Amino acid sequence: MSEPRLIFVISDATGETAEKVVRAALLQFTSVPVQLRMYTRVRLEAEMRSIVNRAKQMHALVVFTVVSTAHRELLRRLCDEENVDAVAVIGTLMAKLSSYLGTQPKGVPGLLHTIGDEYFRRVEAVEFTVRNDDGREPRNLPKADLVLVGISRTSKTPLSTFLAQKGLKVANVPLVLGIDPPTELFAIDQERIFGLTIKAESLLQIRQARLKHLGMPADTSYGQRDHITQEIAYAQSVFRQHPSWPVIDITGKAVEETAADILRIKKDRDQQRAAG
């Protein structure tokens, strides 16, 4: 088997963009063994000179993604001086976009990776929220950014999912008549906890519809007015014992509206903490 050809990938950020582009292109050349060497966060002239010299000695192709125009031109000049083959992955595109849009690029390394971090943060938040739905893992409550507390059918799950898509790790805990909430709920930062309530008449309609959908008898206590009234009263008693929990009435509100209320309160509290 022949020796692998070398490709040096140089980036002033993580190098993920160039690596993905090169690997995608190499799928068209599977008959030739290729080895990639990654050089990331390269922003000093001395580093660039050293890598280009190494590429010359090892007869490597240099592929680079450098957003700074000055650094990109420097790398191109160094490669020309050493007679090293080089390709700028985004240089031509950046120049064309700059001309077309009539403005200069920011020249900030790592912006694409920042977007990637945000994406993965949201994915992690959604995964956390799904795992911690309906009080499933009380031991994880300290890891939650927000905890929603309320009786059944007060939109805990859809609210949790909606907020998770904004990058917040959300757990929700059901309040069940006759059963104490998990002790872990009272051991965490109480300002992360939000109570959810609803008018009895609205909850009655929601639960009756739920029972019908499930094919269950309408006279089940879950859908009875007296039982619902008791549940709401129990929840209100829990909320009164914890005045730091904002209590939000979800009656007639879309999930987006309730989420906006929660986020506004959270933002106000975060700002107060930062100022204090």
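Scanning region 1-49 for residues that are among the hydroxyl-bearing types (Ser, Thr, Tyr) and in contact with a helix residue (DSSP H, G or I) (Cβ under 7 Å, 6 or more places away or on another chain) gives SER11, THR14, THR17, TYR39.
Just one of the numbered conditions (1) in contact (Cβ under 8 Å) with a residue 12 or more places away in the chain; (2) assigned to a helix (DSSP H, G or I); (3) open to solvent by 70 Å² or more (accessible area, probe 1.4 Å); (4) of a type outside the set (Asp, Glu) is not true of LYS166: (2). Residue count for region 169-197 under the criterion of being open to solvent by less than 40 Å² (accessible area, probe 1.4 Å), aromatic (Phe, Trp, Tyr) and either out of contact with any Leu (no Cβ under 6 Å at 6 or more places or on another chain) or farther than 18 Å from ASP145 by Cβ (or both): the result is 0. Before we move on, is ALA235 part of a helix (DSSP H, G or I), in contact (Cβ under 8 Å) with a residue 24 or more places away in the chain and closer than 16 Å to VAL173 by Cβ? So ALA235 fits the description; yes.
ALA200 falls short of the stated requirement of being open to solvent by 60 Å² or more (accessible area, probe 1.4 Å) and free of Cβ contacts under 8 Å to residues at least 60 places away in the same chain. When restricted to residues that are assigned to a loop (DSSP other than H, G, I, E, B) and either more than 25 Å from SER202 (Cα to Cα) or of a type outside the set (D, E, K, R) (or both), region 240-276 contains 10.
The lone criterion from (1) assigned to a helix (DSSP H, G or I); (2) of a type in the set (Phe, Trp, Tyr); (3) open to solvent by less than 30 Å² (accessible area, probe 1.4 Å) left unmet by PHE120 is number (3).
The values are calculated or read from the model by the stated rules, or taken from the named source; none is laboratory data. The shown structure was predicted, so the numbers you read here are calculated from the model rather than taken from an experiment. In this analysis, Cβ positions are derived from the backbone assuming ideal geometry, glycine residues included, and neighbour counts consider all displayed protein chains. Remember, those area values only see protein heavy atoms, side chains included, never the ligands or the DNA or RNA. Shrake-Rupley method; radii C 1.70, N 1.55, O 1.52, S 1.80 Å.
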